[in-house]
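A short worksheet on the structure shown next.
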Amino acid sequence: MTDFTTAARPYANAVYDLAHETSALDSWSDALANLANVVADAQMKLALDDPELGSGQKAELILQVLGDKLNQQQQNLVKLMAENGRLKIMQDVQQQFEIARARAENKIEAQVVSAFELSPEQTSELVNTLKNKLGCDVTLTATVDESLIGGVVIKAGDTIIDASMKSQLESLALSLGR
């Protein structure tokens, strides 16, 4: 995924506000996920990069693919983003929308990367610790990266906690190198 967070945030916030006002959060989540998948398709990327196609044609391509899966407001978003040359950041818009939604619902998704597979007890304890620290409900996704040697790296929103042996050893090496 690209990192166009700054460009995507205004679109995502506007969409979130509209979805919240119209009680259509689920509909918008689904639409943005579909749009992000279509824009991420290799053939669609080629079409969106084609300088021969105008913004209206690019929007129409996406609308043809999704057909009746988008309501009029969602189609208007596609047209607006096409006019502004921003269709390529659809994945970032979707991600920022979900972050805004989770924040409003007092939820956060956290990723934990550990050197070894976490037991159910460790996972539960980590979820409870993060819930107390962050003050919101936490959904945890765990993966294993043996290169960490030991410890964990936790990413929850803008918070990153690197308690891995790998980073501690790198810090030690830097300190000794001075």
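Is it true that Lys69 is in contact (Cβ under 8 Å) with a residue 12 or more places away in the chain, among the charged types (D, E, K, R) and closer than 20 Å to Glu98 by Cβ?
Numbers: in contact (Cβ under 8 Å) with a residue 12 or more places away in the chain: yes; among the charged types (D, E, K, R): yes; closer than 20 Å to Glu98 by Cβ: yes.
So Lys69 fits the description; yes.
Just one of Asp68, Asp145 is over 19 Å from the mean Cα position of the chain (by Cα) and not assigned by TED's automatic domain parsing to the domain that holds Asp50; which is it? Give the steps one after another, and end with the answer.
Details: Asp68 fails: not assigned by TED's automatic domain parsing to the domain that holds Asp50.
Going through Asp68, Asp145 in turn, just one is over 19 Å from the mean Cα position of the chain (by Cα) and not assigned by TED's automatic domain parsing to the domain that holds Asp50: Asp145.
Before we move on, is Lys58 farther than 15 Å from Gln73 by Cα and either under 21 Å from the mean Cα position of the chain (by Cα) or not assigned by TED's automatic domain parsing to the domain that holds Gln73 (or both)? It would help to see each step written out before you state the result.
Values: farther than 15 Å from Gln73 by Cα: yes; either under 21 Å from the mean Cα position of the chain (by Cα) or not assigned by TED's automatic domain parsing to the domain that holds Gln73 (or both): no.
Against the criterion (farther than 15 Å from Gln73 by Cα and either under 21 Å from the mean Cα position of the chain (by Cα) or not assigned by TED's automatic domain parsing to the domain that holds Gln73 (or both)), Lys58 does not qualify.
Scanning segment 94-107 for residues that are modelled with pLDDT under 90 and either in a strand (DSSP E or B) or of a type in the set (Lys, Arg) (or both) gives a single hit, Arg103.
Okay, residues lined up against (1) touching a helix residue (DSSP H, G or I) at 6+ places or on another chain (Cβ under 8 Å); (2) surrounded by fewer than 19 Cβ atoms within 10 Å (Cβ to Cβ):
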| residue | (1), (2) |
| --- | --- |
| Asp49 | no, yes |
| Lys58 | yes, no |
| Val65 | yes, yes |
| Asn71 | yes, yes |
| Gln91 | yes, no |
| Gln96 | yes, no |
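The values are calculated or read from the model by the stated rules, or taken from the named source; none is laboratory data. Just so it is clear, the structure is predicted and the values come from calculations on it, not from any experiment. Neighbour counts are summed over all protein chains in view; Cβ atoms, including those assigned to glycine, are modelled from backbone coordinates with ideal geometry.
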